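Below is one structure, written out as structure tokens, with a few remarks after it.
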Amino acid sequence: MRWNPILIKELKIRSRVVRIPILLMFYNAIVALIAVFMFLASMDIFNGSNYIDYSGMTSLFAGLGIFQCGVVFMLTLVVSANSISSEREKGTLDLMLVTPTSSATVIRGKLYSTIVSGGLLLFSSMPVMAISTIYGGVETDDILYLVGTLLFTMIYATSTGILCSSFSFRSSIAVVTSLIVEAALVIGPFILLSGISRIMYSVAQENMNTIVSLGGWVFVLVINPVMPVMGFYDKLLGSSMIMDYFYYLCGIEEDTAFAYFLQKHFMQCCVGAQIILSIVFLWISVKKLGAQKKRKL
């Protein structure tokens with residue numbers, strides 16, 4: 001088996017950087033402090049009570065999981081946004097492209113190295129996450145679901161960052177662009193649904209008995225990177241935050257075939273759509289580097 005040369009190069013460089021262990025130390029310290037605070041809050045120790053809220057262990061795990069999703073998402077987004085543009089700034093990208101290494105290998109190496117960096121944060125904090133299992137309420141499949149959500153989040157963020165980095169000549173521009181793109185993916189679907197709802201409501205004002213339902217328009221949310229995290233929260237705590245949004249703000253009627261489909265398959269649609277989008281982003285990045293490689297040769 002031949003290892004990706006770009007991945008090996010990135011791992012060698014990052015293994016010599018002292019800020020990596022320092023970052024891990026501070027990150028796990030913050031996670032531990034949050035865990036201890038939420039653990040003490042579940043015991044109601046701040047009110048001088050001996051009462052222990054065992055359900056608080058599940059909330060502890062959910063809170064730490066959402067915190068980690070946010071941190072890992074932002075970290076991998078920023079790191080990947082610097083991946084290609086930093087090589088271009090240092091003048092090493094041209095040297096890399098004139099070697100026999102293909103542009104697809106370069107992109108894969110950058111993708112793998114960023115996921116490894118995010119994975120360090122994920123797996124180093126697992127002992128702290130295990131606090132949630134002391135009193136039960138958190139099963140093995142919940143932990144695996146969180147790991148899967150984090151890995152999926154990293155891939156989606158990394159592909160976006162690499163795409164923006166491939167088209168940018170400066171790392172600062174690439175970071176800002178990637179943040180704007182992700183903000184559009186997060187906020188844009190909600191703004192679009194709100195605008196469509198207002199238009200449909202104004203059209204239906206003449207008939208007061210008409211129920212305004214966004215119907216299939218709700219599927220624009222499948223590209224929103226927040227949806228898998230909300231799905232993790234709903235699964236762990238047994239809540240229905242996503243479906244409540246569909247019912248009360250999107251006008252989807254309960255106990256209908258469409259509502260049943262959303263309840264059973266919406267998260268699968270999110271995963272499928274975001275995987276496809278990640279592949280498209282990486283494919284565009286490969287084509288961009290490939291075109292630059294041809295010019296250099």
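The values are calculated or read from the model by the stated rules, or taken from the named source; none is laboratory data. Model, not experiment: these values are computed from the prediction. Note that we place each Cβ from the backbone using ideal geometry, even for glycine, and neighbour counts take in every protein chain shown. The area values use the complete protein model at the heavy-atom level, side chains included, leaving out ligands, DNA and RNA. Shrake-Rupley method; radii C 1.70, N 1.55, O 1.52, S 1.80 Å.
All of (1) open to solvent by 30 Å² or more (accessible area, probe 1.4 Å); (2) within 30 Å of G91 (Cβ to Cβ); (3) of a type in the set (A, V, I, L, M); (4) in contact (Cβ under 8 Å) with a residue 24 or more places away in the chain hold for A291 with one exception: (4). The helices (runs of 4 or more DSSP H) found entirely in the range 89-159 that carry 3 or more residues being within 23 Å of the chain's Cα centre (by Cα) and more than 22 Å from I30 (Cα to Cα) are 103-124. Evaluate the range 168-190: report whether one residue or more is outside any helix (DSSP H, G or I), open to solvent by 50 Å² or more (accessible area, probe 1.4 Å) and basic (K, R). Scanning the range 168-190, I find at least one residue that is outside any helix (DSSP H, G or I), open to solvent by 50 Å² or more (accessible area, probe 1.4 Å) and basic (K, R), so the answer is yes. For the range 142-171, a residue qualifies if it is polar (S, T, N, Q) and within 25 Å of S86 (Cβ to Cβ), and the qualifying residues are T153, T158, S159, T160, S165, S166, S168, S171.
Return the residues of the range 57-101 that are β-branched (V, I, T) and farther than 19 Å from K287 by Cβ; say none if nothing qualifies. T58, I66, V71, V72, T76, V78, V79, T92 - these are the residues of the range 57-101 that are β-branched (V, I, T) and farther than 19 Å from K287 by Cβ.
Just so you know, in the range 204-235 the residues that are among the β-branched types (V, I, T) and surrounded by 15 or more Cβ atoms within 10 Å (Cβ to Cβ) include one that is modelled with the lowest pLDDT, and it is V212.
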